[in-house]
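What follows is a single structure, written as C-alpha cells, with notes after it.
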Amino acid sequence: MKKLIDLLSAEVCEAFEKAGYEPACGKVTVSNRPDLCEFQCNGAMPAAKTAHKAPILIANDVVALLSESRVFSSAEAVNPGFINLRVREDFLAAHIEQMRRSDRPGVTGEPSGRRVVLDYGGPNVAKPLHIGHLRSAIIGESIKRIYRYFGDTVIGDIHLGDWGLQMGLIIAELRLRQPDLPYFDDSFTGEYPEEAPFTISELEEIYPTASAKSKVDADFAEQAHEATVCLQQHKRGYYALWQHIMRISVADLKRNYDDLNVSFDIWKGESDAEEYIPPMLQMLEQKGLLVESEGARVIPVAEEGDKKEIPPCIIVKSDGATLYATTDLATIVQRMQDYHPDKLLYLTDKRQSLHFEQVFRAARKSGIVPEGTELQHIGFGTMNGKDGKPFKTRSGGVMRLETLIADTTNYVEQKILENQTLDADEAKKTAKIIAIAALKYGDLSNLATKDYIFDLERFSSFEGNTGPYLLYTIVRIKSILNRCGTEVSGLSIAPADSAEAKALQLMLSQMPDQLYMAYRDSLPNAVCAYAYELAGAVNKFYHETHILTEPDEEKKNGYLALISLAKRALEVCIDLLGFSAPDRM
Ligand code: ARG
C-alpha cells in the first residue's frame, strides 16, 4: 500500500501541474505547526523562481484547484506562499482501514531482501554473562527484528569468546585442584568421562579465582599461557575439557538469553575461525599484504586523509600467536564463503571501534570483502549507575545479568501486589514480562552510541516514556476489546469525529516513515520514539471518547476498529524492540 504522505503529495503535484507549474513542487510534508494545519507544502517558493511570479499568487492558484479535492478538507494559501492543508476525515479513515487490513502494518514498498550477518551478544564462555553484554544482546535482537520486518534475511551469530586465555586459566586451575583427572594424564588413551568434572557454579568460581591468581603468581600465569597454547594445538585431554566447559557454559548462556527474549541462529565462536586462519595467512602473504613490524606480521591500514592515526592491524604476534583481529578477519572469510552477505554488522561497546576499523580496512584491502558488501560496527555507550560510573552491584562487583533481571522483576512484582490488580501467581508471571520491557526499553530508547543511566524506578514506572507505559496502553485496549462483546475483525474504521480520533489516525498514518527510519539507520530508538507518541495519542483518544457506552452502534464499531489497529501497531513496535505485553497488569 502507498504512504499517506505520498498520496497527498500526488494530489498537490497534480494541482501544480494543472496550474502550469513544476509538478515536483507539490511535495507535501507533515506540518511543523500542528496548531495551524496537519500538512504543508512549501513548493510555491521554488516554483516562483522559474515562473517569475510571487509565491503567494502561485499558492492561490494551487489552492483554488484543491478546493474540490476528495483528499483535502481545507487548503489555504498563507503569506509568503505556504500552503496549509488538512486531510478529509473519510479519506484518512479509508486509508487507515487499508492499513488495518495489511499483514505488515507500517511497511510500504518492496522488501530490499538483503542478506545480513549480525554479530551480537559476544559473551565470553566460562565468564558469567554480565551487564556489559546486555546492551549488545538487547540492541542486536531489536535490529535483527527490524531488519526482518522489512524483508531482510538476517543470520544472527553470537560469536562466543571461546578460545582465549580464560580457557587456559581454567584448565591450569583445574590441574592444580584435581591433578589426578584423566585429562591431565598424557598416557591416557581411553574415553574421557561424559560428565564434566565441574558444575556451572564451580566454573563461575574457578575462572575469577584463576584470573586473580595469574595476576600475582607469575608461575601460574605461565602455566595458564601454556595450557592455552596446548588447547589451541588440540592437546587431547585439554580439548576434551574445553568441550565440557563449552557444553556447560552454552547451556547456561542459552537459559540467560531465553530469559531476555534474545535468540541466535548460529552459535559459532572464535574457535570456529581457527581452521580459516592458515589459508588466510597464506593468501595474505601471497598478496604481499603482510609486512614485518618489530617481529610481528601486520597489515598497514592507514589511509590518506585519516584524521587520527590508525595503527596497522596486527595479524601474527612476534611469538607466532594470532590475535583478536586475526580471528575476526578469519571469521569474515568464513561468513563470506558460507552466507554471501550484503552486509556484516557488529555490535560491541564503542571501545572496540578502532579494532573494527582496522579489521574492516584489512578485509577490504585483502579483497576478503568485496565492494558490494557493507561493513558496519555500531559501538554503543555504557550503562551507568546513578553516580555516572559503569553500573556495579552494591558491593562494587560486576552485576550479573541474572541478578539484574531478578532485582527488576522483584521490584515490579511488589508494585503490582501493591496495586492489588492481580493475584500472587499472575503477579509473578506478569512482573517478569514487565521487567524485561522496562530493561529493554530503558536501553533502546536511548541513542545506542550514548551512555545511559540505569534507573530502576524510572524504567519500571507505568507512566512516562517507559516500556511498562507502552504495555499499560496495550493492556488497556485489550481490556476494552475483551469487554465490547463484538468480533472487531469484521468492523471498519470510521471517519474521525473528534480532534483526538483524527490525531490518532494521523499518528497511525506516520508508522511507515517512522519504522523505515529505524530500518534504514539501524535505530531502535526511533521505534521507541514512535511507539511512545502513538501510545500518547491512544490515551488521549481513550480519555476523550466513551468507547463502550457510545449509543451509536456505527460510531462505536468505528472506535473499536481504530483502537484494534492502534493495539496492533503498538504490538508490532514492542515486538521489534524484543518484548511483549501481558493480558493484564
Ligand atoms: N567476546 C567479545 C568481547 O567480550 C565480543 C565479540 C564481538 N564480536 C566480534 N566479532 N569481535 O569483547
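Only one of the listed residues (Y192, Y238) is among the hydroxyl-bearing types (S, T, Y), assigned to a loop (DSSP other than H, G, I, E, B) and touching a residue at least 40 places away in the same chain (Cβ under 8 Å). That residue is Y192. Considering every residue within the stretch 127-138, establish whether at least one is in contact (Cβ under 8 Å) with a residue 60 or more places away in the chain and closer than 19 Å to S564 by Cα. No; the residues of the stretch 127-138 include none that is in contact (Cβ under 8 Å) with a residue 60 or more places away in the chain and closer than 19 Å to S564 by Cα. Mind checking whether some residue in the stretch 99-121 is assigned to a loop (DSSP other than H, G, I, E, B), modelled with pLDDT of 95 or more and within 16 Å of the ligand (Cβ to nearest atom)? Scanning the stretch 99-121, I find at least one residue that is assigned to a loop (DSSP other than H, G, I, E, B), modelled with pLDDT of 95 or more and within 16 Å of the ligand (Cβ to nearest atom), so the answer is yes.
Applying a threshold of 6 Å to beta carbon distances and a minimum spacing of six or more residues, or different chains, the list of pairs starting in the stretch 281-301 at a residue that is touching a residue at least 60 places away in the same chain (Cβ under 8 Å) and ending at one that is in a helix (DSSP H, G or I) and surrounded by 12 or more Cβ atoms within 10 Å (Cβ to Cβ) reads I299/A362; V301/Q358; V301/R361; V301/A362. Selection of the stretch 49-81 for residues being in a helix (DSSP H, G or I) and modelled with pLDDT under 95 yields K49, T50, A51.
Considering the conditions (1) touching a Lys or Arg at 6+ places or on another chain (Cβ under 8 Å); (2) of a type outside the set (A, V, I, L, M, F, W, C); (3) away from the ligand (no atom under 16 Å from the Cβ), K343 is excluded by exactly one of them, (3).
Table: residues versus (1) away from the ligand (no atom under 16 Å from the Cβ); (2) out of contact with any helix residue (DSSP H, G or I) (no Cβ under 8 Å at 6 or more places or on another chain); (3) of a type in the set (A, V, I, L, M); (4) under 16 Å from Q243 (Cβ atoms).
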site: V125; (1), (2), (3), (4): no, no, yes, yes
site: L134; (1), (2), (3), (4): no, no, yes, no
site: R145; (1), (2), (3), (4): yes, no, no, no
site: Y149; (1), (2), (3), (4): yes, no, no, no
site: G156; (1), (2), (3), (4): no, no, no, no
site: E191; (1), (2), (3), (4): yes, yes, no, yes
site: S201; (1), (2), (3), (4): yes, yes, no, no
site: Y207; (1), (2), (3), (4): no, no, no, no
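For the stretch 399-409, the criterion of being in contact (Cβ under 8 Å) with a residue 24 or more places away in the chain and in a strand (DSSP E or B) is met by at least one residue.
Conditions first: (1) buried (at least 19 other Cβ atoms within 10 Å of the Cβ); (2) touching a Pro at 6+ places or on another chain (Cβ under 7 Å). R568 passes all but one, so which condition is the exception? Condition (1) is where R568 drops out. Would you call L160 buried (at least 21 other Cβ atoms within 10 Å of the Cβ) and within 16 Å of the ligand (Cβ to nearest atom)? Taking the combined requirement at face value, the residue satisfies it.
For the stretch 197-227, filtered to residues that are assigned to a helix (DSSP H, G or I) and aromatic (F, W, Y), the residue that is surrounded by the most Cβ atoms within 10 Å (Cβ to Cβ) is Y207. Regarding I310, is this residue of a type outside the set (S, T, N, Q), away from the ligand (no atom under 12 Å from the Cβ) and closer than 21 Å to G269 by Cβ? No: the conditions fail for I310.
Table: residues versus (1) closer than 20 Å to Y120 by Cα; (2) in contact with a Leu (Cβ under 7 Å, 6 or more places away or on another chain); (3) within 16 Å of the ligand (Cβ to nearest atom).
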residue: T348; (1), (2), (3): yes, no, yes
residue: S353; (1), (2), (3): yes, no, yes
residue: V359; (1), (2), (3): yes, yes, yes
residue: A363; (1), (2), (3): yes, yes, yes
residue: P370; (1), (2), (3): no, no, no
residue: E402; (1), (2), (3): yes, no, no
residue: V412; (1), (2), (3): no, no, no
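When restricted to residues that are surrounded by fewer than 23 Cβ atoms within 10 Å (Cβ to Cβ) and either free of Cβ contacts under 8 Å to residues at least 40 places away in the same chain or closer than 17 Å to T403 by Cβ (or both), the stretch 437-454 contains 1. Of all the listed residues (D259, D265, D319), the sole one being over 17 Å from D162 (Cβ atoms) and loosely packed, with under 12 Cβ neighbours inside 10 Å is D319.
Taking the criterion of being in contact (Cβ under 8 Å) with a residue 24 or more places away in the chain and more than 45 Å from the chain's Cα centre (by Cα), the residues of the stretch 21-56 that qualify are T50, A51, A54, I56. Taking the criterion of being of a type outside the set (D, E) and in contact with a helix residue (DSSP H, G or I) (Cβ under 6 Å, 6 or more places away or on another chain), the only residue of the stretch 246-255 that qualifies is I248. Being over 22 Å from I131 (Cα atoms), among the aromatic types (F, W, Y) and in a helix (DSSP H, G or I) holds for only one residue in Y257, Y183, and it is Y183. Being of a type outside the set (S, T, Y) and buried (at least 17 other Cβ atoms within 10 Å of the Cβ) is a property that does not hold for L548. Whether any residue in the stretch 235-245 is more than 26 Å from the chain's Cα centre (by Cα), within 16 Å of the ligand (Cβ to nearest atom), modelled with pLDDT of 95 or more and not hydroxyl-bearing (S, T, Y) is what I want to check. Yes, the conditions are met somewhere in the stretch 235-245. A75 - would you say it is small (G, A, S) and either touching a residue at least 40 places away in the same chain (Cβ under 8 Å) or farther than 26 Å from E500 by Cα (or both)? No.
In the stretch 520-531, the qualifying residues are those that are surrounded by fewer than 21 Cβ atoms within 10 Å (Cβ to Cβ) and in contact (Cβ under 8 Å) with a residue 40 or more places away in the chain, and the one that is farthest from the chain's Cα centre (by Cα) is A529. Between L176, L169, the distinction of being within 16 Å of the ligand (Cβ to nearest atom), free of Cβ contacts under 8 Å to residues at least 60 places away in the same chain, out of contact with any strand residue (DSSP E or B) (no Cβ under 8 Å at 6 or more places or on another chain) and not in a loop (DSSP other than H, G, I, E, B) belongs to L169 only. Just one of the listed residues (E68, E22, E76) is of a type outside the set (S, T, N, Q), touching a Pro at 6+ places or on another chain (Cβ under 8 Å) and surrounded by fewer than 22 Cβ atoms within 10 Å (Cβ to Cβ), namely E22.
One line per residue, one yes/no per condition, for (1) more than 25 Å from E285 (Cα to Cα); (2) surrounded by fewer than 20 Cβ atoms within 10 Å (Cβ to Cβ):
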site: D328; (1), (2): no, no
site: T331; (1), (2): no, no
site: H340; (1), (2): no, yes
site: Y346; (1), (2): yes, no
site: K365; (1), (2): no, yes
site: D387; (1), (2): yes, yes
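The values are calculated or read from the model by the stated rules, or taken from the named source; none is laboratory data. Not measured: the values here are computed from a predicted model. Quick reminder, even Gly has a Cβ in these numbers, built from the backbone with ideal geometry, and neighbours come from all protein chains shown.
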